[in-house]
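Structure first, commentary second.
The values are calculated or read from the model by the stated rules, or taken from the named source; none is laboratory data. All values reported here derive from a predicted model rather than from experimental measurement. As a convention, Cβ positions derive from the backbone with ideal geometry for all residues, glycine included, and neighbour counts pool all protein chains shown.
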Amino acid sequence: MDTTTGSYKMRQKLILLLASLAIFPCATAQEYRFEAGAAAGISGYLGDVNQSNVVKNPGFSGSLLFRYLINKRFAVKIDATTAGISGNSADFTNMFPDGQQYSFSERYYDVAAAFEFNFLNFGMNDDYRKLKRITPYLSLGFGAAYSSSGSFVPHIPISIGAKYKLARQWNLGLEVRARMMLNDKVDGLSDLYNIDSSFMKNTDWCPTLMVSVSYEFGEICKNLPLCRIKIAQRCH
């Protein structure tokens, strides 16, 4: 009688385990492949008109972002940004040829792709991989901007930031990005010192500081053996 009862209970546990694996294979090790969000903040400018104070005339910047999450350390980020820049040479002591003074107010529209590296394994609620809820990160990429001055400007975006996981799928971010413009035309002013600009010579920098909120989606399950172990433990 005891043998029959024990065999029956074992069959029940086995059926429950198989059903759990079939219906909830990723219940205990959720991961997501994609991330999308929005950001807002301030923009600055360093160039011919302003060579020393990046926050002298801050503008508004906003961005839409998308990340392809390779793993907990690496991602590819694509974003579309708009930012306002302005300056007035009368605010500074630098002198232009013939004593000229210059001012401008422009807005640029930027699309960029960058490779992103997290210093820590970013995530939460996973003891197996020791995920961290907060991490600093670096990114480097390539982009192109169109200025309201009528100029097309390729650039190299260099970013440093930090991410904090508000919940399993929600992230809060803070990022400083410096755009190294590859020509001298984003401000509508060029070669004011009669020095020809070229690649990485006499060009402009356009930094932004933005706060972002993003959402992860596209669930995957990379740790299926771990899922099965945890679910099996629940069945005993």
Filter the stretch 96-131 down to the residues that are modelled with pLDDT of 95 or more and closer than 19 Å to L189 by Cβ, then identify the one that is nearest to the chain's Cα centre (by Cα). D110
Whichever residue in the stretch 149-170 is modelled with pLDDT of 95 or more and of a type in the set (D, E, K, R) and, among such residues, is surrounded by the most Cβ atoms within 10 Å (Cβ to Cβ): K163
Of those in the stretch 140-188 that are among the hydrophobic types (A, V, I, L, M, F, W, C) and assigned to a loop (DSSP other than H, G, I, E, B), the residue nearest to the chain's Cα centre (by Cα) is L166
In the stretch 128-142, how many are among the polar types (S, T, N, Q) and closer than 13 Å to Y164 by Cβ? 1
Could you check, for the stretch 132-148, whether at least one of its residues is within 23 Å of G41 (Cα to Cα), surrounded by 17 or more Cβ atoms within 10 Å (Cβ to Cβ) and at pLDDT below 90? no
